[in-house]
Amino acid sequence: MKRTIALMLALMMLACAPMALADAVRIAEDASGFDLKIVLPADALVSENNYDSVPYTFITFEDTAKPKIYISVAANEMYDAATVADLPKDDQNALASDVSAEMANPRTSLQKTAAGYPYLLVEDDADIDSAVYVLLKDGYLIQISVWHDDYRTLTQADNALVSGLLDTLQIVPV
């Protein structure tokens, strides 16, 4: 009897876990013609700020071992391609150079989200570690920056967290 109750409780917890673990957040950018929608873990805390008409969404976590994340969406006049994958290699390198200006030893790769949005991942291989994920959409630069408050090295779990968030990314027309 105890086993049956324990098994039923475990199955109920597993069935409810996806609902408790994720919450979709919509990031609005008034002028772009689109919003971003990302599914966040239950322990994510979201705050929004504007600076020079650029909206910044800050994501922190109750679990302070997780990294800090900010997302910005800004009009872009330098790179006119529809996506980062459409940029010539020289422009991809210039964009990577722009976002990695403060990185000691940047490494760049072109990747795609689960929904097929191409992005440029720029990671710092130095002891003070950070990463920037960059997408282009219809003349707008979407930048996702990741770091720890104490600038300790990002772990595989940190990278998996952000990659998982990006895999839930949807660009929603408004």
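Could you give me the ³J(HN,Hα) list for region 134-149, computed from phi with Karplus coefficients 6.51, -1.76, 1.60 and θ = phi - 60°, whole Hz, x at Gly and Pro?
Values, residue by residue: 10, 10, 10, 8, 6, x, 10, 9, 9, 10, 10, 10, 9, 6, 9, 3 Hz.
How much accessible area per residue does region 15-174 have, counting only protein heavy atoms and a probe of 1.4 Å, in square angstrom?
Value returned for region 15-174: 53 Å² of accessible area per residue.
When you count, for each residue, the other Cβ atoms within 10 Å and take the mean per peptide, how do 57-67, 148-158 rank with the highest first?
Packing proxy ranking, top to bottom: 57-67, 148-158.
Among 129-138, 87-96, what's the highest-first ranking by average C-beta atoms within 10 angstrom per residue?
By packing density, highest mean first, the sequence is 129-138, 87-96.
Could you give the nm distance between label points at SER47 and ASP150, where each point is 7 Å from its Cα heading toward the beta carbon?
2.1 nm
Can you send over the carbon and sulfur percentage of the accessible area for region 76-174, probe radius 1.4 Å, protein chains only?
Here it works out to 48 percent.
Taking only the C-alpha atoms, wrap a convex hull around region 50-146 and report its volume per residue in Å³ as a whole number.
118 Å³
Could you give me the ³J(HN,Hα) list for region 161-174, computed from phi with Karplus coefficients 6.51, -1.76, 1.60 and θ = phi - 60°, whole Hz, x at Gly and Pro?
For region 161-174, the Karplus curve yields 4, 5, 4, x, 4, 4, 5, 9, 4, 10, 9, 10, x, 10 Hz.
The values are calculated or read from the model by the stated rules, or taken from the named source; none is laboratory data. None of these values were measured; they are calculated from a predicted model. No Cβ is skipped: glycine too gets one built from the backbone with ideal geometry, and neighbour counts run over all protein chains shown. The area values use the complete protein model at the heavy-atom level, side chains included, leaving out ligands, DNA and RNA. Shrake-Rupley method; radii C 1.70, N 1.55, O 1.52, S 1.80 Å.
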